[in-house]
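For reference, the structure discussed in these notes is given below.
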Amino acid sequence: MITPKVPTYALPGGSTFPLLGLGTWQLEGTQAVDAVAFALDIGYRHVDTATGYSNEAEVGRGLAESGVARTLVFVTTKCPPENVGHERETIQQSLNDLALDYVDLWLVHWPPNGEARPETWREFIRARDDELVREIGVSNYSIAQIDELIEATGVTPAVNQVPWSPKDFDPDLLAAHTERGIVLEAYSPLKRSDLNGSLLREIAEEYGVTPSQVVLQWHLAHGIAVIAKSANHARITANLDAVGFALAADDVAAIDALGNG
Ligand SMILES: NC(=O)c1ccc[n+]([C@@H]2O[C@H](COP(=O)([O-])OP(=O)(O)OC[C@H]3O[C@@H](n4cnc5c(N)ncnc54)[C@H](OP(=O)(O)O)[C@@H]3O)[C@@H](O)[C@H]2O)c1
């Protein structure tokens, strides 16, 4: 099949980052293996997991069972905050479980004890320099916490993965990431959306798509990376198909107005 055209960014470590990916939180066992393999077979090239999801072995099996070459897939995993002080063991365990030589992106899952923790960031830089990971980033960090990491080390996170959806739209926060050259990546984009809300339903009807597809395409229209989880083949497919249309600027602006930012 023809791989749908998912937009990408070039990240600082030289990777190509597909802006739409498959989330895997709460996918377990054979369901996780199947979802990952199916998603890759239909054209996904970005899979998001974490040590904390306890499914890296299954995600790795899904990668292996799909016929897609390792070099074509962007794999993200995350270091749990409780593992700080043991960063190297954590990434080695992730690589073992995933059965990979490297991951494309490694994130600090949450600020440890609510703090930026430059010591952990230095360990991330070492892991990148040792080629265990291609890109390094953070998740659930504030801009102030990110600035603390940059100030301490001179190294800017490639990505900040945060909860995001139309109701979370905050142009100033988005601009603060863009100004620093950081890709904002949205998690829980569907769960956080009111998919039965009248505006999303009206726009979906206008384009002949679903409210979920409107939400995913709206992220892409802003250059925001977005990951959606599904265990269901039809919904995994529909979510990827969100790349297949474009929203007019006035529809993007109408959805922006749902935000509190
Ligand atoms: N960094 C962090 O702290 C953090 C936190 C949360 C999540 N994440 C990552 O972000 C990913 C996505 O977030 P999420 O899993 O919380 O939420 P999500 O992807 O926004 O929503 C997933 C839920 O929506 C359903 N769904 C999927 N596609 C749908 C569609 N087209 N129409 C209607 N319902 C649909 C899924 O059910 P079915 O499976 O039945 O389709 C599931 O219940 C996670 O899987 C994880 O990889 C990261």
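The values are calculated or read from the model by the stated rules, or taken from the named source; none is laboratory data. Please read these numbers as outputs of a predicted model, since none were measured by experiment. Ideal geometry is used to build each Cβ from the backbone, glycine not excepted, and the neighbour counts take in all protein chains shown.
Some points to look at:
- Residues (near the ligand (Cβ under 9 Å from one of its atoms) and small (Gly, Ala, Ser)) located in the stretch 19-41: GLY21, GLY23, ALA35
- Of everything in the stretch 165-221 that is in contact with a Phe, Trp or Tyr (Cβ under 7 Å, 6 or more places away or on another chain) and assigned to a loop (DSSP other than H, G, I, E, B), the residue that is surrounded by the most Cβ atoms within 10 Å (Cβ to Cβ) is PRO189.
- Whenever a residue of the stretch 90-108 is on the phi > 0 side of the Ramachandran plot, its partners that are part of a helix (DSSP H, G or I) and more than 14 Å from the ligand (Cβ to nearest atom), lying with C-beta atoms within less than 7 angstrom and at least six residues away or across chains, give the pairs ALA99/GLY60; ALA99/ALA64.
- Condition check for GLY13: part of a loop (DSSP other than H, G, I, E, B) and surrounded by fewer than 22 Cβ atoms within 10 Å (Cβ to Cβ): yes
- Residue within the stretch 246-254 that is over 20 Å from PRO7 (Cα atoms) and either polar (S, T, N, Q) or within 12 Å of the ligand (Cβ to nearest atom) (or both) present: no
- Test: residue in the stretch 207-217 that is farther than 20 Å from LEU27 by Cβ, within 15 Å of the chain's Cα centre (by Cα) and free of Cβ contacts under 8 Å to residues at least 40 places away in the same chain: yes
- Of the residues making up the stretch 16-37, those that are part of a loop (DSSP other than H, G, I, E, B) and within 24 Å of VAL138 (Cβ to Cβ) number 5.
- Of all residues in the stretch 166-195, those being within 15 Å of ASP256 (Cα to Cα) and either more than 10 Å from the ligand (Cβ to nearest atom) or in contact with a Gly (Cβ under 7 Å, 6 or more places away or on another chain) (or both) number 11.
- Evaluating VAL162 against the criteria (1) crowded, with 22+ Cβ neighbours inside 10 Å; (2) touching a Leu at 6+ places or on another chain (Cβ under 7 Å) leaves one unmet condition, (1).
- Each residue in the stretch 42-68 was checked for being within 13 Å of the ligand (Cβ to nearest atom) and β-branched (Val, Ile, Thr), and 4 pass.
- For ALA127, the test of being over 30 Å from ILE143 (Cβ atoms), modelled with pLDDT of 95 or more and in a helix (DSSP H, G or I) is failed.
- Residue that is farthest from HIS177 (Cα to Cα) [pool: residues in the stretch 196-239 that are basic (Lys, Arg) and within 11 Å of the ligand (Cβ to nearest atom)]: ARG235
- Test set (1) more than 30 Å from VAL59 (Cα to Cα); (2) touching a strand residue (DSSP E or B) at 6+ places or on another chain (Cβ under 7 Å); (3) β-branched (Val, Ile, Thr) - ILE224 fails condition number: (1)
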